[in-house]
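Working notes, structure below.
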Amino acid sequence: MLVLFETAAGYAIFKVLDEQKLQQVDSLWKEFETPEKANKVVKLKHFEKFQDTTEALAAATAMVEGKLGKSLKKVLKKVVAKEAHEQLAITDAKLGGVIKEKLNLSCVHSPAVAELMRGIRNQMEGLITGLPAREISAMSLGLAHSLSRYKLKFSPDKVDTMIVQAISLLDDLDKELNNYIMRCREWYGWHFPELGKIITDNLAYCKSVRKIGDRTNVASMDLSDILPEEIEAEVKLAAEISMGTEVSEEDIANIMHLCDQVIDISEYRSQLYDYLKNRMMAIAPNLTVMVGELVGARLISHAGSLLNLAKHPASTVQILGAEKALFRALKTRRDTPKYGLIYHASLVGQTTAKNKGKISRMLAAKSALAIRYDALGEDTNAEMGVENRAKLEARLRYLEEKGIRRISGSGKALARADKYQHKSDVKVYDPSGDSTLPTVSKKRKIEEVEEGEEEEKPVEAKAKKVKRESPTEGEAETETPKKKKKKEKKAEEESKPEEETAISPAEETTKKKKKEKKRAAEVEPAEEAPVSPAEETTEKKKKKKKKV
């Protein structure tokens, strides 16, 4: 039996010396405890070394995918085909099927073969001569790195360096265009200041200046290809009554040259934007659908690459671009920012200020998934991005409606909106602090309050006694209507507020004492009301009956 063993340095083919030992799978590991014992079981027949890393990578990738590589095919034809009657022990059953199909060699894959391979790997240094341990480890590490890079399958279409450069150039062009247009408006404004107020579009302004030149030419010029009819008529009218200064032909030539520069840069900017749009749809289609081309490109540029951006969690994607505000908030112990570059996405822009934080958090979570799918996924479609965007839009509609319409318990009737009450933050000025009059001492005020409380208490107590000692049924019948009227008049006089007359506290106390005496005098005769003779006779009769 022959054994095919793959290493990072090349292919090795061993000959099994004692096949009977393979039947004892559990005790096979004892035969590979030392290099001397291992050499008694297997013997190296042929070793095919790789020429360079490229060949090693090609052989490794072919083996991973279960294909028969060129170098392996060459070795098998050279060595194994001579001994076609021998069986070939291999680790991968899929590869064995391919070898049997193409080279018509019988291959074996079993637990005993797996144990044999494990023993050979342990004693590889003793079995394969001319390969030091250092070289084997270095070759293994280099091949592992190369294989990992190959597995990621980087294609030239997925190079995100172009996006980083394009978005940076686009930002630079915007800055330069703003400076140039501002300078052009200011410069030509000395000659024809009214034109800047009439034409608000920057590109149309530069094209008009390029075509007009001196303002005296406006009357004979046709600007219909640049401006609408109404604005053109307004420009011609303004040129006749313009208050601008006269300038030389050389000045006009320089202004026109500046206008040419603005027009050329604007055209190049639009071309660059189209290029960026196409590259973003090719490299990160799902991210582009979620946040747009410009925001997506800025996120990639800020992170350095699409792969670096894919390593960031959703919370980092949310505040990417607001690092300065974040660290300032952490330093001062204030609220951290809710959004960074993602603020400029259309979904965040169309929400109300109240819901911007919620939407930016949800958008960052979905965008993080889209970025990872774009960076590491094999498909290049934008289905996931479209689906997630639809979910976010539905959630946004729900949040917007929630603020207007609050669903009641049944879910059908609308709850009444709370009445709006404006609370002013303006503080009213207190003029009492400006008074220069002498104030009453606190001690005197406290004494007056205490006296008032003491006087009120006995009056209340006596009133309760009067209520309790209400007249009996017989007495109520005997009271004449005149007495009732007198009592009602007195009660009205007593109930009159004491505030009507401003009297000193000493006089008030004397008056109150007199009133109390009068009330006590009125209560006593009511208690000692005369009893009628009829009532006395009835009471005597009742006493006699009791005695009998």
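The values are calculated or read from the model by the stated rules, or taken from the named source; none is laboratory data. All of these numbers come straight from a predicted model, not from anything done at the bench. Every residue, glycine as well, gets a Cβ built from its backbone with ideal geometry; the counts of neighbours run over all protein chains shown. Accessible surface areas use protein heavy atoms only, side chains included; no ligands, DNA or RNA. Shrake-Rupley method; radii C 1.70, N 1.55, O 1.52, S 1.80 Å.
Here are some notes:
- Residue within the stretch 197-207 that is among the aromatic types (Phe, Trp, Tyr), in a helix (DSSP H, G or I), out of contact with any Cys (no Cβ under 7 Å at 6 or more places or on another chain) and under 23 Å from PHE50 (Cβ atoms) present: no
- Hits in the stretch 191-212 - residues which are touching an Asp or Glu at 6+ places or on another chain (Cβ under 9 Å), farther than 17 Å from ALA233 by Cα and either open to solvent by less than 60 Å² (accessible area, probe 1.4 Å) or not basic (Lys, Arg) (or both): HIS191, CYS206
- Here LEU131 passes the criteria (1) assigned to a helix (DSSP H, G or I); (2) in contact with a Ser or Thr (Cβ under 9 Å, 6 or more places away or on another chain) except the one numbered (1).
- Filtered by the rule that a residue be open to solvent by less than 50 Å² (accessible area, probe 1.4 Å), of a type outside the set (D, E, K, R), closer than 21 Å to SER346 by Cα and assigned to a helix (DSSP H, G or I), the stretch 372-403 gives GLY385, ASN388, LEU392, ALA394, LEU396, LEU399.
- One residue stands out in the stretch 341-363 among those that are polar (S, T, N, Q) and in contact with an Asp or Glu (Cβ under 8 Å, 6 or more places away or on another chain): the one that is farthest from ALA303 (Cα to Cα), namely THR352.
- Among the residues making up the stretch 235-248, those that are closer than 16 Å to VAL209 by Cβ and part of a helix (DSSP H, G or I) are VAL235, LYS236, ALA238, ALA239.
- Scoring ILE265 on the criteria (1) assigned by the TED database to the domain that holds LEU170; (2) open to solvent by less than 70 Å² (accessible area, probe 1.4 Å); (3) not in a helix (DSSP H, G or I) leaves a single failure, condition (3).
- Residue in the stretch 212-220 that is charged (D, E, K, R), at pLDDT below 95 and farther than 30 Å from ASP171 by Cα present: yes
- Answer residue from the stretch 343-367, given it is free of Cβ contacts under 8 Å to residues at least 40 places away in the same chain and within 12 Å of the chain's Cα centre (by Cα) and is most open to solvent (accessible area, probe 1.4 Å) among those: TYR343
- Hits in the stretch 158-184 - residues which are touching a Cys at 6+ places or on another chain (Cβ under 9 Å) and open to solvent by 40 Å² or more (accessible area, probe 1.4 Å): TYR180
- The single condition among (1) over 30 Å from ASN308 (Cβ atoms); (2) open to solvent by 20 Å² or more (accessible area, probe 1.4 Å) that VAL218 does not satisfy is (2).
- The residues in the stretch 302-332 that are in contact (Cβ under 8 Å) with a residue 40 or more places away in the chain and buried (at least 16 other Cβ atoms within 10 Å of the Cβ) can be counted, and the count is 9.
- Test: residue in the stretch 154-165 that is part of a loop (DSSP other than H, G, I, E, B), at pLDDT 80 or above, acidic (Asp, Glu) and under 30 Å from TYR273 (Cα atoms): yes
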